[in-house]
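Peer 1: Quick one: the structure is below, and I'll ask about it shortly.
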Amino acid sequence: MSRNDLIQLEGVVAKVLGGGTMEIHCKNDITVRGVLSGRMKKHRIKVMVGDRVQVSVSPYDTTHGLITYRF
């Protein structure tokens with residue numbers, strides 16, 4: 001699956017779970033477990049509870065995804 005096939009959702013970080021996993025509540029009442037993308041780890045971008053983020057989610061499984069942008 002290419003990067004263009006992913007669904008882009010916006011949400012707010014609700015919880016920080018162990019191992020770099022975060023629980024994100026999206027605007028359309030979807031809860032997604034997301035991890036930081038490699039570029040965000042590389043550039044040491046910190047994401048905390050309450051931050052607005054953009055999550056890339058597969059259309060096949062919308063329960064987990066990659067955090068690709070922090071607003």
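The values are calculated or read from the model by the stated rules, or taken from the named source; none is laboratory data. Just so we're clear, the structure is a prediction, and the values are computed from it rather than from any experiment. Cβ atoms come from the backbone with ideal geometry, glycine included; neighbour counts cover every protein chain shown.
Peer 1: If you take the residues in the range 62-71 that are modelled with pLDDT of 90 or more and not in a strand (DSSP E or B), which one is farthest from Val12 (Cα to Cα)?
Peer 2: Per the stated criteria, the residue is Thr63.
Peer 1: What pairs can you find where one residue is in the range 27-43 and within 15 Å of Leu66 (Cβ to Cβ), the other is among the aromatic types (Phe, Trp, Tyr) and in a strand (DSSP E or B), and their Cβ atoms are less than 9 Å apart, with a gap of 6+ or different chains?
Peer 2: Partner pairs satisfying both residue conditions: Ser37/Tyr69; Met40/Tyr69.
Peer 1: Let me confirm something: among Val53, Val49, Val32, which residue is in contact with a Cys (Cβ under 7 Å, 6 or more places away or on another chain) and among the β-branched types (Val, Ile, Thr)?
Peer 2: Residue meeting the stated conditions: Val32.
Peer 1: With the condition kept exactly as written, say whether any residue in the range 4-26 is loosely packed, with under 11 Cβ neighbours inside 10 Å and in contact (Cβ under 8 Å) with a residue 40 or more places away in the chain.
Peer 2: Checked against the condition, which is being loosely packed, with under 11 Cβ neighbours inside 10 Å and in contact (Cβ under 8 Å) with a residue 40 or more places away in the chain, the range 4-26 yields at least one hit.
Peer 1: Mind listing just one residue for me: the one in the range 19-40 that is outside any strand (DSSP E or B) and of a type in the set (S, T, N, Q) and, of those, nearest to Ile7 (Cα to Cα)? Walk me through it before giving the result.
Peer 2: Residues of the range 19-40 outside any strand (DSSP E or B): 19-20, 27-30, 37-40.
With the extra rule that they be of a type in the set (S, T, N, Q), the set shrinks to 28, 37.
Values: Asn28: 13, Ser37: 15 Å.
For the range 19-40, the residue satisfying everything is Asn28.
Peer 1: Tell me whether the range 53-60 contains one or more residues that are among the small types (Gly, Ala, Ser), modelled with pLDDT of 90 or more, under 13 Å from the mean Cα position of the chain (by Cα) and not in a loop (DSSP other than H, G, I, E, B).
Peer 2: Kept after step one, since they are among the small types (Gly, Ala, Ser), are these residues of the range 53-60: 56, 58.
Those still in the list that are modelled with pLDDT of 90 or more too: 56, 58.
From the residues that got through so far, the ones that are under 13 Å from the mean Cα position of the chain (by Cα) too are 56, 58.
Subset that is not in a loop (DSSP other than H, G, I, E, B): 56.
Yes: one or more hits.
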